[in-house]
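Data first, discussion second: the structure below is written as structure tokens.
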Amino acid sequence: MNFVQLLLPDFSLILCGYLLCRHSALNRQVWDQVDRLVYYFLFPVLLFHSIVKHPLDWQAARPLMGAGLCMAAAGIALAYSLPYWPLLGARVDRRLHAAGAQVAFRFNSFIALALIDRVAGPAGLPLLALLIGLLVPVFNIGAVLPMARHAGGRLSRELARNPLILATASGLCANLLGLQLPEGMTPTLTRLGQAAIALGLLAAGAGMQLGAMREGKALSLALLTLKHLGLPLLALLMARLWQLPELPTRVLLMFSAVPTATSCYVLAARMGYNGAYVAGLVTVSTLLGMFSLPLALGLLANW
């Protein structure tokens, strides 16, 4: 399977979003509202519908959950260990590291949800939704901890109100209870899901900005290497340790290799850190995703 050709249409939409934001009347102000629409309404609907529509085999899902948690813990630990590495540690600005470490382990849910059907088919979407619901709180806590002195106690409230977590939790509850949506709602929910994917990718492209990348070059290289090489290798290792079948392994690998979350720079700026530096890391990560995703999926094909 040629994963480059498979993923090209989705990354073309990211490029379209970038060009529209920079070279048309659809400027950053417009895309901020699109981003909110996708994040607070369209993607939660997509997640909830996909989980309810595809009953989960919880016995089979446990190894995927375990592998995902182990991968997340290892990724966070590696990101925060960088100041203690020989040679690199002396060149790391601790404040830049506190703001940028999150780039090495967080993920862009817009891109992950857009790609999952191409990479793993319809059966992969509920597995991805499970990973999102499980790991969003873990990664968000990991992102905030080094900046905690500016957090103001908001973390628990933000997690409790996170629309992706709420949609996943409610969908899993409905799945456990065996509830089904009325058949007449399916066409509407399907169209909302299709809109979520296209608009989410366009919004991801519109959010790219290079920012102040002149600072912390060694740190930037280390963080992006961890994100786009280290995390996929960790995912493959955990998949083997937990003896995952082919489909969950494919989902975990794709999840590990997608670009980092665009909200990384928003969080850094809001908490008083160098948001422009983190914005640059996010942009480069989005570009690197075009290479790391085919590489990660190619590892599975040749393992």
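The values are calculated or read from the model by the stated rules, or taken from the named source; none is laboratory data. Worth saying up front: this structure is predicted, and the values here are computed from it rather than measured. Please note: Cβ atoms are built from the backbone with ideal geometry, for glycine as well, and neighbour counts cover all protein chains shown. What goes into the accessible areas is simple: the full protein's heavy atoms, side chains included, and nothing from ligands, DNA or RNA. Shrake-Rupley method; radii C 1.70, N 1.55, O 1.52, S 1.80 Å.
Packing-based ranking of 31-38, 185-192 yields 31-38, 185-192, ordered from highest to lowest mean Cβ neighbour count within 10 Å. Which value in nm describes the separation of the simple spin-label points at L299 and L56, placed 7 Å from the Cα toward the beta carbon? According to this spin-label approximation, the distance is 2.4 nm. With protein chains left intact and a 1.4 Å probe, residues in the chain average 45 Å² of accessible area per residue. Highest average first, the peptides 89-102, 224-237 ordered by how many other beta carbon atoms sit within 10 Å of their residues are 224-237, 89-102. FRET efficiency for the pair C16 and A195, taken as 1/(1 + (r/R0)^6) with r the Cβ-Cβ distance and R0 = 25 Å, rounds to 0.95. If you take the Cα centroid of region 54-105 and the Cα centroid of region 199-277, the two points sit 10 Å apart.
Volume per residue for the chain equals 129 cubic angstrom (convex hull of Cα atoms). Expressed as a whole percent, the accessible surface of the chain that belongs to carbon and sulfur atoms is 66, based on a 1.4 Å probe.
Estimated from helices alone, the mean residue ellipticity of the chain at 222 nm is -23500 deg cm²/dmol (sum of -39500 (n - 2.57) over DSSP H runs with n ≥ 4, per residue).
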